[in-house]
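The values are calculated or read from the model by the stated rules, or taken from the named source; none is laboratory data. It should be emphasised that the depicted structure is a prediction, and the values quoted were computed from it without experimental measurement. Here Cβ is always computed from backbone atoms with ideal geometry, including for glycine, and neighbour counts include all displayed protein chains.
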Amino acid sequence: MKCLYCGEMIILAIGWTNLLSREDEVLLCDQCTKQLVPIEGEVCARCSRPFEGLAEEFQKGELCYDCVRWEEHAEWNGVLERNISLYIYNDFLKEVISRYKFRGDYEISKFFGNELKRVIKNLEYDFLVPIPLSETRLYERGFNQAEALIVEAGLNHANVLNRNHSKKQSKKTRKERIGSDNVFIFSNIEQVLGKKVVLVDDVYTTGSTIMHAARVLKDHGAYSISSITFAR
Amino acid sequence: MNLVNPLRNVLAGKQLLREEIPFELVDSPSISQRPGIVVEKKGRAYCNRCGNSDMELLAEFPCARCGKKCLYCRTCIMMGRVSECTPLYGWSGEMPEIDAAPLQWKGTLSDGQQVASDRVVEAISHNEELLVWAVCGAGKTELLFKGIEMAFANCKRVCIATPRTDVVLELTPRLQSVFPSIEVASLYGGSDDRHQFSPLTITTTHQLLRFYEAFDVMIVDEVDAFPYSVDPMLKFAVKNARKESSSLIYLTATPIQKWQRECRGGKRKFVTIPARFHRRALPEPEFVWCGNWGKVVKKGQLPVRLQRWVEQRLLAGTPMLVFVPTVEWMLKLLPLLQMFDNKIESVHAEDPERKEKVLRMRKREIPLLITTTILERGVTFPGLEVAVLGAEDPIFTEAALVQIAGRVGRSVIKPSGNVTYFHNGKTESMVKAKHQIVSMNKEAKVKGLIDE
């Protein structure tokens, strides 16, 4: 078995951890796994931002300062229940995600999918909704990176959102992202009224993508919206 | 202005993805398309860009472009995705012209260089393959000048490819200065010259993946260097980037064993430059046994004989490189050596200060640099002497040891110096390395290429 990311052979050491807890396939080698840092310990109750290493003035009780700002806004208050992120968006994960989504190495979704499967068990929900790409961007990339990880997790996705074409999120500043008009449009293929929806995306940066998508779902009567993002 | 020309310059001799072409594609019969992935029967397929045919590295994905399950190549994914529905664009129309470009160089070739230069000219004019086996410090670049000039005069497009980006960066200004009438294209990950058509392209072997049947003359420098030596994709890239009828010149100081055998057996055309341009013999390595040096170092001590070697040179102010097998040993050795001089430093591949430290070494601010094989090639420090600790380690191949010895005695001012392999048991690589150096010196003497 070769590592999905670096191609090195994976040598499985038999130990208590993998005897007791390994139910999934091992897809990454030790070297690569070591470089992925899981989000653990004290985190912001709303967005999973780790408090470790965060200056005191950016923490307000259970929340981080960014989330306090979102929640202070009447327009955004209560729109997103919470975001769960799995790994720190460090240099290594940036490289992995860049190869996955920008170079288009679809196979990596198998690993992300595995991880999604693991965390989704603890959640109660009616729909998994991938953050959509615009038609143009979808053609460019060849696949939607959020949808792919739901598919590879073997789960169903409900594509209840569409997206207008705009500048890449990663090329915008925080202010541009948050202040921008909503690029998401509701597409009436499923009824979300009274439903619990989980949004899925690869990265949570400022949270504005997730927030804008959540806004549209809330406006169409969703009962609650939370999100799972792979990296934070 | 004719709009076709810029497009032609981008596409001539290339195999590009649509995203890599910065123009609208006009409807022209001169634009050629080849399939990105070729699917053969019985579940076999290969990538037309990088040659990969390992089905483990050809994966399927639900493609939003073609709406089907589409096979894509994971081997060359870092250059953008090639899939079944991705065409590789090229140019099948008339090629941009190549004009004669006179060589502007005042220097003279050494006798050894002259012989090799003549052979290169011959190989280029007859579209032949040739290995130039030139010792470290022979002056490999200059012996290419004449051949390149002649290639241009015969409308031939030339490429110099190398596995190492730093070699591209070093060669570009040198060749640009001797061929001032042309614009040299310099290609490496992140360079700006991608869309330029040039009679002379200097590139990393990776960037050759964007070329297809482009070059009449292909020169591969440092052909035994990593990663070219171990990556079949790069060998494919070199082959794919050449025209069917073209010359292929390999340059190296340390050909692999197989090639050496082929040379001796008359199965490979080659020419040697056994002596340096300054006409002095190559320093021959000394072997010094120092027992289980690892145990000594772990106890926090230096092997006595290495310590003496270092102390003498610190006193004399001789700059030193000490090579060790791994980063771990490097870090263990550093504090031990720093007890003798706290300006001593270490450097390895991932070191963020790598460039700075090499520069400080050159300025003589660092008296001794402990390093891994990363500095075995391409660095020149005047007056340098080198030691290898743990020369028996398999990382020190014959080629690595010859290259390491090749760091010493390169300047005219100090054309000699000491090379010592400290070991815990002689290896075949050590013996072969020494033998290679000794026989080059012998050959040079016989041919009258060195003065004693």
Problem set entry | Tally of residues being surrounded by 19 or more Cβ atoms within 10 Å (Cβ to Cβ), without any contact (Cβ under 8 Å) to a residue 60 or more places away in the chain and touching a strand residue (DSSP E or B) at 6+ places or on another chain (Cβ under 9 Å) across region B:143-191 | 10
Problem set entry | Test: residue in region A:112-126 that is touching a residue at least 40 places away in the same chain (Cβ under 8 Å), away from chain B (no Cβ under 13 Å) and within 16 Å of residue A:213 (Cα to Cα) | no
Exercise. Taking region A:185-232 only, how many residues are in a strand (DSSP E or B) and touching a residue at least 60 places away in the same chain (Cβ under 8 Å)?
Worked result: 16
Seminar exercise, completed: Picked from region B:77-88 (must be part of a loop (DSSP other than H, G, I, E, B) and over 19 Å from residue B:28 (Cα atoms)), the residue farthest from the chain's Cα centre (by Cα) is B:85
For this session: Return yes when residue A:209 is in contact with an Asp or Glu (Cβ under 7 Å, 6 or more places away or on another chain), under 21 Å from residue A:124 (Cβ atoms) and either hydroxyl-bearing (Ser, Thr, Tyr) or at pLDDT 95 or above (or both) and no when it is not.
Result: no
For this session: Evaluate the following for residue A:129: is it away from chain B (no Cβ under 13 Å), part of a helix (DSSP H, G or I) and farther than 22 Å from residue B:77 by Cα?
Result: no
Exercise. Do you know which residues across region B:125-145 are more than 13 Å from residue B:179 (Cα to Cα) and not in a loop (DSSP other than H, G, I, E, B)?
Worked result: B:125, B:129, B:130, B:131, B:132, B:133, B:134, B:143
For this session: Take residue B:86 and decide whether it is touching a Lys or Arg at 6+ places or on another chain (Cβ under 8 Å) and of a type in the set (Val, Ile, Thr).
Result: yes
Problem set entry | Breaking point among (1) out of contact with any Gly (no Cβ under 8 Å at 6 or more places or on another chain); (2) of a type outside the set (Val, Ile, Thr); (3) free of Cβ contacts under 8 Å to residues at least 60 places away in the same chain, for residue B:50 | (3)
Problem set entry | Filter result for residue B:368 (in contact with a helix residue (DSSP H, G or I) (Cβ under 7 Å, 6 or more places away or on another chain), surrounded by 17 or more Cβ atoms within 10 Å (Cβ to Cβ) and either among the polar types (S, T, N, Q) or more than 30 Å from residue B:258 (Cα to Cα) (or both)) | yes
Exercise. Residue B:213 versus (1) over 20 Å from the mean Cα position of the chain (by Cα); (2) surrounded by 23 or more Cβ atoms within 10 Å (Cβ to Cβ); (3) under 28 Å from residue B:54 (Cβ atoms): which is the lone unmet condition?
Worked result: (2)
For this session: Out of the residues in region B:89-113 that are of a type outside the set (Gly, Ala, Ser) and buried (at least 22 other Cβ atoms within 10 Å of the Cβ), state the one that is nearest to residue A:100 (Cα to Cα).
Result: B:91
Exercise. Mind checking which residues of region B:17-39 are farther than 23 Å from residue B:208 by Cβ and free of Cβ contacts under 8 Å to residues at least 60 places away in the same chain?
Worked result: B:24, B:26, B:27, B:39
Exercise. Going by the conditions given, is residue B:294 modelled with pLDDT of 95 or more, among the small types (Gly, Ala, Ser) and closer than 30 Å to residue B:447 by Cβ?
Worked result: no
For this session: Return a yes/no flag: does region B:89-103 have any residue that is touching a residue at least 24 places away in the same chain (Cβ under 8 Å), within 29 Å of residue A:133 (Cα to Cα) and within 31 Å of the chain's Cα centre (by Cα).
Result: yes
For this session: Report yes if some residue within region A:87-95 is within 13 Å of chain B (Cβ to nearest Cβ) and not in a helix (DSSP H, G or I); otherwise report no.
Result: no
Seminar exercise, completed: Residue pairs qualifying under the 8 Å Cβ cut-off, at least six apart or on distinct chains, with the first in region A:148-165 being within 14 Å of chain B (Cβ to nearest Cβ) and within 21 Å of residue A:126 (Cβ to Cβ) and the second being surrounded by 15 or more Cβ atoms within 10 Å (Cβ to Cβ) and of a type in the set (Val, Ile, Thr), are A:149/A:200; A:150/A:200; A:157/A:129; A:157/A:150; A:157/A:151; A:157/A:200; A:159/A:129
Exercise. Residues of region B:76-115 being among the small types (Gly, Ala, Ser) and within 14 Å of chain A (Cβ to nearest Cβ), which ones?
Worked result: B:80, B:83
Exercise. Which of the residues that make up region B:37-75 are in contact with an Asp or Glu (Cβ under 7 Å, 6 or more places away or on another chain), surrounded by 18 or more Cβ atoms within 10 Å (Cβ to Cβ) and more than 10 Å from every other protein chain (Cβ to nearest Cβ)?
Worked result: B:37, B:71
Exercise. Hey, any hits in region B:302-311 for a residue that's outside the structural domain of residue B:253 (by TED's automatic domain parsing), assigned to a helix (DSSP H, G or I) and of a type in the set (S, T, N, Q)?
Worked result: yes
Exercise. Does region B:187-203 hold any residues that are at pLDDT 95 or above and not in a loop (DSSP other than H, G, I, E, B), and which are they?
Worked result: B:187, B:200, B:201, B:202, B:203
Seminar exercise, completed: Of the residues in region A:208-225, those that are touching a helix residue (DSSP H, G or I) at 6+ places or on another chain (Cβ under 7 Å) and closer than 17 Å to residue A:133 by Cα come to A:208, A:209, A:211
For this session: Would you mind stating whether residue B:224 is among the charged types (D, E, K, R), modelled with pLDDT under 95, in contact with a Ser or Thr (Cβ under 8 Å, 6 or more places away or on another chain) and on the phi < 0 side of the Ramachandran plot?
Result: yes
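Residue by residue, here is whether (1) assigned by TED's automatic domain parsing to the domain that holds residue B:259; (2) assigned to a loop (DSSP other than H, G, I, E, B); (3) modelled with pLDDT under 95 holds:
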| site | (1), (2), (3) |
| --- | --- |
| B:147 | yes, no, no |
| B:160 | yes, no, no |
| B:169 | yes, no, yes |
| B:213 | yes, yes, no |
| B:216 | yes, no, no |
Problem set entry | helices (runs of 4 or more DSSP H) wholly inside region B:349-452 containing at least 2 residues that are free of Cβ contacts under 8 Å to residues at least 40 places away in the same chain and closer than 23 Å to residue B:335 by Cβ | B:354-362
Exercise. Can you name the number of the only condition in (1) within 16 Å of the chain's Cα centre (by Cα); (2) not in a helix (DSSP H, G or I) that residue B:237 fails?
Worked result: (2)
